[in-house]
1. Of the listed peptides D:83-93, A:2-12, B:71-81, what is their order by residue-averaged count of other C-beta atoms within 10 Å, with the highest listed first?
2. How big is the B/C interface in buried accessible area, both sides summed, 1.4 Å probe, to the nearest 100 Å²?
3. Among A:Thr89, A:Gly38, A:Ala51, whose Cα sits farthest toward the positive end of the charge dipole of chain A (+1 at Cβ of Lys/Arg, -1 at Cβ of Asp/Glu, about the Cα centre)?
4. First obtain the Kirkwood hydrodynamic radius of chain C from its Cα pairs, then insert it into the Stokes-Einstein equation at 4 °C and 1.567 mPa s, and state the resulting D in µm² per second as a whole number.
5. Across 5 Å bins from the origin, how do the percents of Cα pairs in the stretch C:25-83 run, short distances first?
6. Over all directions, what mean area does the Cα convex hull of the protein assembly as shown project, stated in square nanometres?
7. Which residue fluctuates the most in chain D, going by a Gaussian network model with Cα springs under 10 Å, if the choices are D:Ala65, D:Ala32, D:Ala51?
8. Could you work out how far the C-alpha centroid of the stretch C:6-20 sits from that of the stretch D:105-123, in angstrom?
There are 4 protein chains.
Amino acid sequence: MEIGRKVWAIAEGYIPSQSCSSDRALTSHETACILNPGNRDAQVTITVYFADREPAGPYHLAVPARRTCHVRFNDLDDPEPIPRDTDYTSVLQSDVSVVVQHTRLDSRRAEIALLSTMAYSQA
Amino acid sequence: MEIGRKVWAIAEGYIPSQSCSSDRALTSHETACILNPGNRDAQVTITVYFADREPAGPYHLAVPARRTCHVRFNDLDDPEPIPRDTDYTSVLQSDVSVVVQHTRLDSRRAEIALLSTMAYSQA
Amino acid sequence: MEIGRKVWAIAEGYIPSQSCSSDRALTSHETACILNPGNRDAQVTITVYFADREPAGPYHLAVPARRTCHVRFNDLDDPEPIPRDTDYTSVLQSDVSVVVQHTRLDSRRAEIALLSTMAYSQA
Amino acid sequence: MEIGRKVWAIAEGYIPSQSCSSDRALTSHETACILNPGNRDAQVTITVYFADREPAGPYHLAVPARRTCHVRFNDLDDPEPIPRDTDYTSVLQSDVSVVVQHTRLDSRRAEIALLSTMAYSQA
């Protein structure tokens, strides 16, 4: 049985430039958690949309069969980095079915805040 | 391929009147993050529902093709502002397919709290 | 156009007994935010499930046409109150289409934490 | 009427090894909240996926009819415990329809942070 879908969208996106910690685990970050539960490797492309310019990307990544990949938007840099303190959104497209969840850890203040939601998936 | 839907609902809504910071980024706020991934500009109308009065709106906004718009409910004022410290909900309708995510940043206390969820979309 | 569905489920449920504030807005609480966007009043029944006993309820409430109702599980008491510090889940059934979102404000510690998600809706 | 689905996926997963409290309620943890609203007991299997090794599991659990089970991933240990400070994801499969919601309580810092979302369900 195939689990997941091939097109996902995350409408919220914002990476705070500030962090109270330099520990990578506690640095302010946004993540797309991608699960590839199937038996074929997934080729995923990410397109990033902004308020006032043409989209960035596509960013390419591979998620091997039966693996998960938690991609930090902070780490994307090819073809260009994602700007900080800037509203964006993203669309993920995969050649095989995957599942995508969106999470932000915000450590602008001394205590962290978290948000998470399953992404929107296209039937 | 067309991504998204034309009708979205956010059942939770509450803008705290208090904020520990006057920095716009850290002021208590609620946002509807709208992605228009298509090639036609979107005309979006927002209707806001309350517990004990007729709905407010419609509020009108445009989201250009291939752009995102993170709308703060705090900033809506035509035809009327959204009251603070008041339960509300919202329905967004677009003439082209979009994706909508709901986020609140709450800074009533010294440390911020966050919540987010994809909105409910009508098939 | 009719927006929403008639059956919703919230699988998470937990009301902390502790709060750092006696202010009602900042007391630890769980809420089902119900939107009735249609032109007919909604009769909603809530059934609450536990780990080790038969379900409680049904709890009855009405959501007028074009209104929202943010129900605190803390306030339900007929036929019986929801116990604190206890895992539960809930199913909401309505005679007309509604939209349901789940939110918790947790103020066990000095700073609040928030979670929210659209409930699961049955096609 | 049958409520729920038989296949669910949670793409995010991360159990912090640190907690500021030794109180079980406030220890950093991840939970899958499973509701079995039907009249037949559910046999649920959980498979856990990682970034760089084959999946763990299946983990087996039973959710009786008309009951909820809030499973902490921290507590899974047969066939093996879930490693801390490690990205993972999970797929839940049930022989009867259930509803699944994902929650994390993070208490690495003095104040807790929460996230929650309905899991992705397969039609």
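1. A:2-12, D:83-93, B:71-81
2. Summing both chains' loss of accessible area gives about 2700 Å².
3. Ranked along the dipole, the leading option is A:Gly38.
4. The diffusion coefficient I find is 87 µm²/s.
5. 4, 16, 25, 22, 17, 11, 4, 1
6. That works out to 20.8 nm², a quarter of the Cα hull's surface.
7. Comparing D:Ala65, D:Ala32, D:Ala51 in a Gaussian network model of chain D, the most mobile one is D:Ala51.
8. With the stretch C:6-20 and the stretch D:105-123 each reduced to a Cα centre, they are spaced 13 Å.
The values are calculated or read from the model by the stated rules, or taken from the named source; none is laboratory data. On a predicted model such as this, the values are computed, not experimentally measured, just so you know. Don't worry about glycine lacking a Cβ; one is built from the backbone with ideal geometry, like all the others, and counts go over all protein chains shown. Accessible surface is based on the protein model in full, side chains and every heavy atom, while ligands, DNA and RNA are left aside. Shrake-Rupley method; radii C 1.70, N 1.55, O 1.52, S 1.80 Å.
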